[in-house]
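Below: the structure, in structure tokens.
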Amino acid sequence: MGKIDLSKLKDLMKGLGGLRVYLVLIWPAVILLVCGVVLTAAWLMGSSLKQKVAKESVPIGNQVREMLKQLPAAGQAEVEKQYQDAYRQDANLIKLLSVESTQRKLLGYDIFPQPKDTSTLLYIQFGENYRHGIEAIIRKVDGNDCPSAEELSAARQTGRSPGASGAGGASSRIVEEICHARAKSVSVYAVPETVSGYDFWKTYKYSNIDDSVKDCWFWQIGYWIIEDVFSTAGTMNAGSSSVLTSPVKRVEGVGFVTPGALFSAGTGKVSQERPKYVTKPEEQLIESFTGRVSNESIDVVHFGMVVVVSSKAVIPFMRELCSAKEHEFTGFTGQEPAKVFKHNQITILESRVKSVDLTSADHQYYRYGADSVVEMELVCEYIFNKNGYNAIKPESIKNPVAKTGI
């Protein structure tokens with residue numbers, strides 16, 4: 001092994017000593033560089049986050065401010081409670097009115113829900129009440145018929161018209177004077193014989209309790225329907241004492257068949273078919289757009305009518321027919337204090353309007369005034385609330401297989 005040159009070794013150690021000085025300086029520099037990078041990244045991230053927060057916080061702040069504006073005012077909860085209470089009261093009132101609409105006066109208080117005794121006079125009396133009721137309804141609207149052929153024939157023979165001055169004159173003038181005088185003396189042309197049921201009870205024959213009770217029940221609800229038809233005519237003609245100025249000129253017929261089947265061919269007599277409940281679609285007079293049939297809540301009846309009205313009164317008549325009407329109710333005993341209820345149970349299912357041939361046999365002795373007139377045929381639906389009259393509905397009607405007891 002050679003000898004070590006001590007002088008060179010000393011020089012080398014001096015060089016490494018200088019490097020140690022530089023190494024001591026490098027580490028702080030590296031640390032400073034890393035800190036700079038970290039701070040720069042943090043600054044950049046903070047700036048981005050600030051922009052993002054500013055961007056997103058503005059809409060959120062706006063939403064919060066809007067929500068604050070929309071907060072219910074003090075007492076709003078109480079107002080809302082009152083509204084809901086009123087809504088419930090309205091619903092209850094509608095339900096009550098529906099029940100009250102079917103609570104009506106009876107033509108006889110000793111038959112429903114079952115006869116008070118076995119006397120057949122109960123049903124005969126009911127029939128008389130029906131006929132007298134129809135007559136009273138027509139008197140109330142100031143109704144009467146045109147002069148009869150017999151009346152006109154007698155006037156021609158005497159050459160003088162009742163109430164006309166002077167004697168003689170042409171036959172046609174006599175007829176015109178009589179017809180015109182009649183039109184001026186009544187508000188609407190209407191007679192009991194054009195109302196279904198009137199002739200039925202005129203010739204009524206008792207057969208058995210079950211059939212008689214059913215007859216009375218269905219003609220009772222028919223009577224309520226007929227009341228509404230004439231009530232409509234009376235309201236429309238209020239203030240008019242002459243057919244010549246009345247909007248509703250004539251009630252030709254009311255019954256429980258279609259208008260086309262209302263009058264017997266060749267006789268002109270009105271159908272006496274009894275009212276009935278519509279329990280399935282095939283029992284409807286026409287296909288009903290309401291689709292209603294009798295169910296656990298309501299009873300449905302269809303009816304038809306024919307009226308002559310001013311052409312200006314077509315829509316007003318239909319509107320009035322379907323409007324609310326008042327009635328008095330004295331309980332199902334007829335002895336309770338009278339209460340005034342309202343009912344609104346009619347829906348028009350079909351309407352047809354036809355021109356009137358004034359020279360035809362059906363109209364030749366009627367005088368309708370200066371207005372143009374039309375003949376209107378209506379098929380209607382009538383709704384009864386079962387809860388309103390179930391207390392007096394005969395068991396044989398509720399249950400078709402049941403027998404009427406006494």
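Below, the figures for the structure above:
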{"item": "Under Karplus coefficients 6.51, -1.76 and 1.60, residue-wise ³J(HN,Hα) of segment 180-196 in Hz, glycine/proline x", "result": "5, 4, 5, 4, 6, 8, 10, 8, 8, 7, 6, 9, x, 5, 8, 10, 4"}
{"item": "FRET efficiency, 1/(1 + (r/R0)^6) with R0 25 Å, evaluated for Asn387 and Glu287 via beta carbons", "result": "0.35"}
{"item": "For peptides 128-134, 185-191, sequence by mean Cβ density within 10 Å, most packed first", "result": "185-191, 128-134"}
{"item": "Footprinting exposure proxy for Thr102, Thr118, Thr330, Thr158 (fewest neighbouring C-beta atoms within 10 Å first)", "result": "Thr118, Thr158, Thr330, Thr102"}
{"item": "Amide H contacts of Ile298 (H built 1.01 Å from N, under 5 Å, at least 5 apart or other chain)", "result": "Lys386"}
{"item": "Cut-off 18 Å (backbone N to label point 7 Å along Cα→Cβ of Lys116), residues of segment 211-225", "result": "213, 216-217"}
{"item": "Derived scalar couplings ³J(HN,Hα) [segment 299-313; Karplus, 6.51 cos²θ - 1.76 cosθ + 1.60; whole Hz; x for Gly, Pro]", "result": "10, 10, 10, 9, 8, x, 7, 9, 9, 10, 9, 4, 4, 7, 9"}
{"item": "For peptides 140-149, 224-233, sequence by mean Cβ density within 10 Å, most packed first", "result": "224-233, 140-149"}
{"item": "Ranked Val308, Val243, criterion: other C-beta atoms within 10 Å, fewest first", "result": "Val308, Val243"}
{"item": "Above-threshold pairs, the threshold being 32 Å between Cα atoms, out of Lys312/Lys393; Lys116/Lys202; Lys184/Lys339; Lys276/Lys339; Lys140/Lys398; Lys249/Lys386", "result": "Lys312/Lys393; Lys184/Lys339; Lys140/Lys398; Lys249/Lys386"}
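Computed from the coordinates by the stated procedures, all read-outs in this text should not be read as laboratory data. What you are looking at is a predicted structure, and each value in this text was computed from that prediction instead of being measured. Glycine also receives a Cβ, built like all others from the backbone with ideal geometry; neighbour counts cover every protein chain displayed.
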